[in-house]
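Below is one structure, written out as structure tokens; the observations come after it.
The values are calculated or read from the model by the stated rules, or taken from the named source; none is laboratory data. This one's a predicted model, so the numbers in the text were calculated from it and none came from an experiment. Backbone-built Cβ (ideal geometry, glycine too); neighbour counts: all protein chains shown.
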Amino acid sequence: MSNQIPIMVANDSDRCNCPTCGMAVRLVRRTTGEADHYEALIVGEDVAKVLRPQDPEIAKRLRELRAGKKTVAIVGMSPTSCSLAPFDDMGCEIWGLNETHAFPQWFKRADRWFQIHDNEIWHRLIAKRNVRGHMDWLRKNPWDIPIYMQYYSEEVPKSIGYPLHEVVELVFKNFWRGDKKVKYFTSTFAYMMGIAILEGREPDKPDVKPFERIEIYGFEMADDIEYVKQKACAEFWIGYAMALGIEIYTPPNCQILYSELYGGNEQGSGW
């Protein structure tokens, strides 16, 4: 005799956000209608039914905070905050990555794109999250925007070879491992931060203004082994940007640069 509990098919009302972390989830119910457990939803149609844009009042306050500052929003795929990016603020650049273009329900526009994986990855017929046609999108480039890749590719007419040497020379010039300079990039997020930091700091481009504010949406790096390994590098790049005086914004409850205060709360009473 099976001990498996009969499960009902979920409906739209069972798609919601986890009250603790904000992740898009689906309630799984028993045939009696009682909630049994929940499952995380991947980015796609199911998630689009749960995601909401930024609260108008919060969006208004953030628009005021970025007013007059050259700002970029770096947007990933984590359902906790990906749809909160300021897509409607045309004064703020939006940078996307990988296959996020396949989800226009919430990813409405972009000014630059990043596909840093090797050729084999972006040539795949079916990419992550069951996305089809990624290579064709890169080639057609319907938004007509720059696409940063490892190298320029004739298959992607608006591709730009990533300026790795220039970023490394700027960021790691004072750090050596033995007699070699370090190259510390463990995710596409790191490469995106590298461009945000490099721009406006190249001697041969004195008229380019550097970014003064970086907003981060759709990145948690806390719910998967691969992403956890990338988190330290992401926090390094954020710290470097802050040292340059660049403002950093993350949504509430973002797991990047998040922890209890070591040594006790009495140290943090003044903030």
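At a glance:
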item	result
The stretch 175-220, residues that are assigned to a loop (DSSP other than H, G, I, E, B) and closer than 16 Å to Ala85 by Cβ	Phe211, Gly218, Phe219, Glu220
Glu199 in contact with a Pro (Cβ under 7 Å, 6 or more places away or on another chain) and either surrounded by 15 or more Cβ atoms within 10 Å (Cβ to Cβ) or not small (Gly, Ala, Ser) (or both)	yes
Test result for Lys69, surrounded by fewer than 19 Cβ atoms within 10 Å (Cβ to Cβ), free of Cβ contacts under 8 Å to residues at least 24 places away in the same chain and basic (Lys, Arg)	no
Any hit, the stretch 74-88, residues being at negative phi, surrounded by fewer than 22 Cβ atoms within 10 Å (Cβ to Cβ) and in a strand (DSSP E or B)	no
Qualifying residue in the stretch 136-155 (condition: touching a Cys at 6+ places or on another chain (Cβ under 6 Å) and either assigned to a loop (DSSP other than H, G, I, E, B) or of a type in the set (A, V, I, L, M, F, W, C) (or both))	no
Check on Ile238, at pLDDT 95 or above, closer than 16 Å to Phe189 by Cα and among the hydrophobic types (A, V, I, L, M, F, W, C)	yes
Top-ranked residue of the stretch 89-114 - restricted to ones that are in contact (Cβ under 8 Å) with a residue 60 or more places away in the chain and in a loop (DSSP other than H, G, I, E, B), ranked as nearest to Arg52 (Cα to Cα)	Gln105
Matching residues in the stretch 221-233 - criterion: being in a helix (DSSP H, G or I) and over 22 Å from Phe172 (Cα atoms)	Ile225, Glu226, Tyr227, Val228
Meets criteria (closer than 28 Å to Lys70 by Cβ and either at pLDDT below 95 or within 15 Å of the chain's Cα centre (by Cα) (or both)) for Pro104	yes
Long-range neighbours under 6 Å by Cβ, at least six apart or interchain, first residue more than 16 Å from Ser153 (Cα to Cα) within the stretch 118-139, second in a helix (DSSP H, G or I)	Ala127/His134; Val131/Ala102
Filter result for Ala243 (at pLDDT 95 or above and farther than 20 Å from Ala85 by Cβ)	yes
Filter result (under 17 Å from the mean Cα position of the chain (by Cα) and either surrounded by 17 or more Cβ atoms within 10 Å (Cβ to Cβ) or not in a helix (DSSP H, G or I) (or both)) within the stretch 235-246	Trp237, Ile238, Ala241
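The rows are residues; the columns are (1) under 23 Å from Glu93 (Cα atoms); (2) acidic (Asp, Glu); (3) in contact with a strand residue (DSSP E or B) (Cβ under 8 Å, 6 or more places away or on another chain).
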site: Tyr148; (1), (2), (3): yes, no, yes
site: Tyr152; (1), (2), (3): yes, no, yes
site: His165; (1), (2), (3): no, no, no
site: Asp179; (1), (2), (3): no, yes, no
site: Tyr184; (1), (2), (3): no, no, no
site: Ser187; (1), (2), (3): yes, no, no
site: Lys205; (1), (2), (3): yes, no, no
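Residue-by-condition table, conditions (1) buried (at least 19 other Cβ atoms within 10 Å of the Cβ); (2) at pLDDT 95 or above; (3) assigned by TED's automatic domain parsing to the domain that holds Val72; (4) of a type outside the set (Lys, Arg):
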residue: Arg129; (1), (2), (3), (4): no, no, yes, no
residue: Gly161; (1), (2), (3), (4): no, yes, yes, yes
residue: Trp176; (1), (2), (3), (4): no, no, yes, yes
residue: Lys180; (1), (2), (3), (4): no, no, yes, no
residue: Pro203; (1), (2), (3), (4): no, no, yes, yes
residue: Glu220; (1), (2), (3), (4): yes, no, yes, yes
